[in-house]
1. Here are some residues: Met115, Met84. Which one is touching a helix residue (DSSP H, G or I) at 6+ places or on another chain (Cβ under 9 Å) and free of Cβ contacts under 8 Å to residues at least 12 places away in the same chain?
2. In region 94-105, is there at least one residue being open to solvent by 80 Å² or more (accessible area, probe 1.4 Å) and among the basic types (Lys, Arg)?
3. For the structure I just gave you, tell me whether Leu27 is modelled with pLDDT of 95 or more, farther than 12 Å from Arg137 by Cα, open to solvent by less than 20 Å² (accessible area, probe 1.4 Å) and of a type in the set (A, V, I, L, M, F, W, C).
4. Could you please give the count of residues in region 99-117 that are touching a Pro at 6+ places or on another chain (Cβ under 9 Å) and either of a type outside the set (A, V, I, L, M) or closer than 24 Å to Phe20 by Cβ (or both)?
5. Select from region 78-93 the residues that are closer than 19 Å to Gly41 by Cβ and open to solvent by 20 Å² or more (accessible area, probe 1.4 Å) and list them in ascending order.
6. Would you confirm whether any residue within region 47-55 is modelled with pLDDT of 95 or more, under 21 Å from Gln131 (Cα atoms) and touching a Ser or Thr at 6+ places or on another chain (Cβ under 7 Å)?
7. Would you pick out the residues in region 103-131 that are more than 15 Å from Gln79 (Cα to Cα) and not polar (S, T, N, Q)?
Amino acid sequence: LAHPQLEKAAALLPEGRFTFELDGTVLDNEKALMWARDGSGAGCYEGKPCTWQEADAWVRKLRFAGYDGWRLPTFDELQTLLRMDPEERGKVFTNTKTAVYWSGTYDRITDVDRMLAVDFKINRNVKKNKQDKHYVRPIRFPR
């Protein structure tokens, strides 16, 4: 027989990897992260491309779905989306452009003008100049 308290705890855990919130966010239960869900929505710079500096300044002030504390995902966090099956990614992260998305990770400590990014068109990691215009998919730690 299973322990009653373990059964109660198991009932609190989400069944799938992702939990869809009504506020326009999605929780990645495996990574314990909250993402803005709609790539064309208010939580993703209205789906417009921007420079890295614009993205960084915007996301630091972002208050979306009743939360602050949003940031650009690290390169590793952004790669989790790249590793997803494209069909599943499209269902979980709606309106994801087949284009480049910024990360908050520098290419190298010695090269502060380039950032690591992910290109969903070619499904590869890329290095981009901060002056280029690309897309944003904010992330935060749920509280």
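1. On the way: Met115 fails: free of Cβ contacts under 8 Å to residues at least 12 places away in the same chain.
After ruling out the rest, the residue left standing is Met84.
2. Keep residues of region 94-105 that are open to solvent by 80 Å² or more (accessible area, probe 1.4 Å), which gives 95, 98.
Imposing the further condition that a residue be among the basic types (Lys, Arg) reduces the set to none.
No, because not a single residue in region 94-105 is open to solvent by 80 Å² or more (accessible area, probe 1.4 Å) and among the basic types (Lys, Arg).
3. On the way: modelled with pLDDT of 95 or more: yes; farther than 12 Å from Arg137 by Cα: yes; open to solvent by less than 20 Å² (accessible area, probe 1.4 Å): no; of a type in the set (A, V, I, L, M, F, W, C): yes.
For Leu27, the condition - modelled with pLDDT of 95 or more, farther than 12 Å from Arg137 by Cα, open to solvent by less than 20 Å² (accessible area, probe 1.4 Å) and of a type in the set (A, V, I, L, M, F, W, C) - is not met.
4. Residues of region 99-117 touching a Pro at 6+ places or on another chain (Cβ under 9 Å): 99-105.
Narrowing the set further to residues that are either of a type outside the set (A, V, I, L, M) or closer than 24 Å to Phe20 by Cβ (or both) leaves 99, 101-105.
Count: 6.
5. Scanning region 78-93 gives Gly90, Lys91.
6. Keep residues of region 47-55 that are modelled with pLDDT of 95 or more, which gives 47-55.
Subsequent filtering for residues that are under 21 Å from Gln131 (Cα atoms) retains 47-55.
Cutting the leftovers down to touching a Ser or Thr at 6+ places or on another chain (Cβ under 7 Å) gives us 47.
Checked region 47-55: at least one residue is modelled with pLDDT of 95 or more, under 21 Å from Gln131 (Cα atoms) and touching a Ser or Thr at 6+ places or on another chain (Cβ under 7 Å).
7. Restricting attention to region 103-131, the residues satisfying the condition of being more than 15 Å from Gln79 (Cα to Cα) are 108-114, 128-131.
Passing the criteria: Arg108, Ile109, Asp111, Val112, Asp113, Arg114, Lys128, Lys130.
Here's the yes/no breakdown for (1) touching a Lys or Arg at 6+ places or on another chain (Cβ under 6 Å); (2) under 26 Å from Asn125 (Cβ atoms); (3) modelled with pLDDT of 95 or more:
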{"site": "Ala10", "(1), (2), (3)": "no, no, no"}
{"site": "Glu15", "(1), (2), (3)": "no, no, no"}
{"site": "Leu62", "(1), (2), (3)": "no, yes, yes"}
{"site": "Ala65", "(1), (2), (3)": "no, no, yes"}
{"site": "Pro73", "(1), (2), (3)": "no, yes, yes"}
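The values are calculated or read from the model by the stated rules, or taken from the named source; none is laboratory data. None of the values given here were measured: they were computed from a predicted structure. So basically every Cβ, Gly included, is an ideal-geometry build from the backbone, and we count neighbours across all protein chains shown. To get the accessible areas, we keep the full protein, side chains included, count just its heavy atoms, and leave off ligands, DNA and RNA. Shrake-Rupley method; radii C 1.70, N 1.55, O 1.52, S 1.80 Å.
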